[in-house]
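Data block below; observations after.
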Amino acid sequence: FGLSVDYFEQYTSTVWRIESSITPNTLVTSTDQLYWKDRVDRLKWAIGIDRPTYISLLNPTKSFFLSGQVLATHNLRHSGGQHTGMVVWPTELVFTFLAQTNYYRDRITPQAWVAYSPQYAAFTGGINCEWLITDHWSVKAGANIISGKRQEQDHWPWAGLTSNTPAIVEGLTDP
């Protein structure tokens, strides 16, 4: 089940977007369960803003398409702690931003983007550029970077049968 609403604000030429969905009984991995499976109701929503903006220093003839959004996932009926239980966060957030413009009669299209997730301490970003050689041929090149913090979960065979403190078994988990 879902809902999506877009609103165009005429004075600033801004589009506001709200999107949401709920998915009942989504299968997730859980170390607290015998077969490592559990179910949650998953609520997702996103709020975004899109706006054409002139940045004359970078492109005096065309506007930039700027887009930012916040995406959230709420795993309802979540159970577990930091190192045990469900292998998903109760709430996950992702922040994104994109900028794109055109040059040379819309034949060259560069864009740059970034995304950040505070729960996973993860970041990604990149740039790419597409050159439309003809109406049927194009060349695209780009680069991206990904960084983050390693997340650990106790995935040894008896993790669901022990206390909530992380167990250290030589050869199976890191101390």
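The values are calculated or read from the model by the stated rules, or taken from the named source; none is laboratory data. Please read all numbers here as calculations on a predicted model, not as lab measurements. Here the Cβ is made from the backbone with ideal geometry for all residues, glycine too, and neighbour counts use every protein chain on show. Remember, those area values only see protein heavy atoms, side chains included, never the ligands or the DNA or RNA. Shrake-Rupley method; radii C 1.70, N 1.55, O 1.52, S 1.80 Å.
What are the residues in the range 75-101 that are modelled with pLDDT of 95 or more and more than 12 Å from the chain's Cα centre (by Cα), if any?
98, 99, 100, 101
Residue-by-condition table, conditions (1) open to solvent by less than 50 Å² (accessible area, probe 1.4 Å); (2) part of a strand (DSSP E or B); (3) at pLDDT below 90; (4) charged (D, E, K, R):
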{"site": "109", "(1), (2), (3), (4)": "yes, yes, no, no"}
{"site": "126", "(1), (2), (3), (4)": "yes, yes, no, no"}
{"site": "143", "(1), (2), (3), (4)": "no, yes, no, no"}
{"site": "150", "(1), (2), (3), (4)": "no, no, yes, yes"}
{"site": "154", "(1), (2), (3), (4)": "yes, no, yes, yes"}
{"site": "157", "(1), (2), (3), (4)": "no, no, yes, no"}
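Filter the range 58-82 down to the residues that are part of a strand (DSSP E or B) and of a type in the set (Val, Ile, Thr), then identify the one that is least open to solvent (accessible area, probe 1.4 Å).
73
Please report, ordered by residue number, the strands (runs of 3 or more DSSP E) entirely within the range 1-56 with at least 1 residues that are surrounded by 13 or more Cβ atoms within 10 Å (Cβ to Cβ).
Per the criteria, 14-29, 37-53.
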